[in-house]
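Asks: Sharing a structure with you now.
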Amino acid sequence: MFHRFFKQWKWKRLARQLRKPSGKAGKDTGLLMNLSNRYMYALTLEQLALKEGDQVLEIGFGNGHFFQQILSAAEGIHLYGIDYSPLMVAEAGKEHAALIQSGQLQLVNGNSDTMTWPDQYFDLIFVSM
């Protein structure tokens, strides 16, 4: 019985981290998501067919590992991101401070229900999972 409880607890804990990474385990979860999402990002970027000057919103960007790929897909892209995890927003903000400073990147902590951008503001929106 203890073994079954422990397995269930581990899966619930993992699910919480995947939903909203936090603490040391959250940083590790972000790194694991970088590996597991690599193929998905490649396919997503191919399908988005980004063009010069696009305004792009990524919902659920994690630690921002793929920002550079998105921004280098075409000239003058402006990338916006919203993520539910304060830890992931902080990690991405530290890693990409220069992009934020330059105005190419804007990060927000929140969820899709709390977005304040006006309708039709973005050329493309995609969700990371």
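What follows draws every value from the coordinates through simple rules; no lab data is involved. Note that the coordinates shown come from a computational prediction; the quantities given were computed from them, not determined experimentally. Note that each Cβ is placed from the backbone with ideal geometry, even for glycine, and that neighbours are counted across all protein chains shown.
Asks: Dipole size in debye (nearest 20) for the range 2-127 around its Cα centre, Lys and Arg Cβ +1, Asp and Glu Cβ -1? Before the final figure, lay out the partial values.
Replies: Details: 13 positive and 12 negative charges, 259 e Å.
Using only the charged Cβ atoms, the result is roughly 1240 debye.
Asks: Take every DSSP beta bridge with both residues inside the range 2-127 and express the antiparallel ones as a percent of the total, to the nearest 5.
Replies: Numbers: 0 of 14 bridges.
Here the share of antiparallel DSSP bridges comes out near 0 percent.
Asks: Which value in deg cm²/dmol, rounded to the nearest 500, describes the helix-derived mean residue ellipticity at 222 nm for the chain, given -39,500 (n - 2.57) per DSSP H run of n ≥ 4 and division by the residue count?
Replies: -15000 deg cm²/dmol
Asks: If you don't mind, another one. Tabulate in residue order the Karplus-calculated ³J(HN,Hα) for the range 46-58, using 6.51 cos²θ - 1.76 cosθ + 1.60 with θ = phi - 60°, rounded to whole Hz; enter x for Gly and Pro.
Replies: Whole-Hz 3J(HN,Hα) from phi for the range 46-58: 4, 6, 5, 6, 4, 10, 3, x, 4, 9, 10, 10, 10.
Asks: Next up: Counting only residues 5 or more places away or on other chains, whose amide H sits under 5 Å from the amide H of residue 57 once H atoms are built in the peptide plane?
Replies: Amide H neighbours of residue 57: 80, 124, 125, 126.
Asks: Here's something else I'd like to know. For 40, 88, which order do you get if you count the other beta carbons within 10 Å of each Cβ and list the fewest first? Mind dumping the intermediate values first?
Replies: Details: 40 13, 88 26.
Least crowded to most crowded, the residues run 40, 88.
Asks: Something else about it: Would you list 44, 29 from fewest to most Cβ contacts within 10 Å?
Replies: Fewest-to-most ranking of 44, 29: 44, 29.
Asks: For P(r) over Cα pairs in 10 Å bins from 0, in percent, one of (i) 12, 42, 36, 9, 0; (ii) 12, 41, 32, 10, 4, 1; (iii) 14, 38, 23, 13, 7, 4, 1, 0 was computed from the structure I shared and the rest are decoys. Which label?
Replies: Step by step, P(r) over Cα pairs in 10 Å bins from 0, in percent for this structure corresponds to label (ii).
Asks: Please report the relative contact order for the range 2-127, taking Cα pairs under 8 Å with a sequence separation of at least 6, and give it as a percent rounded to a whole number.
Replies: Here the relative contact order equals 26 percent.
Asks: Considering amide H positions built from the backbone, and no H for Pro or chain starts, which residues 5 or more places from residue 62, or on another chain, come under 5 Å of its amide H?
Replies: Under 5 Å from the amide H of residue 62 lies no amide H from a residue far enough along the sequence or on another chain.
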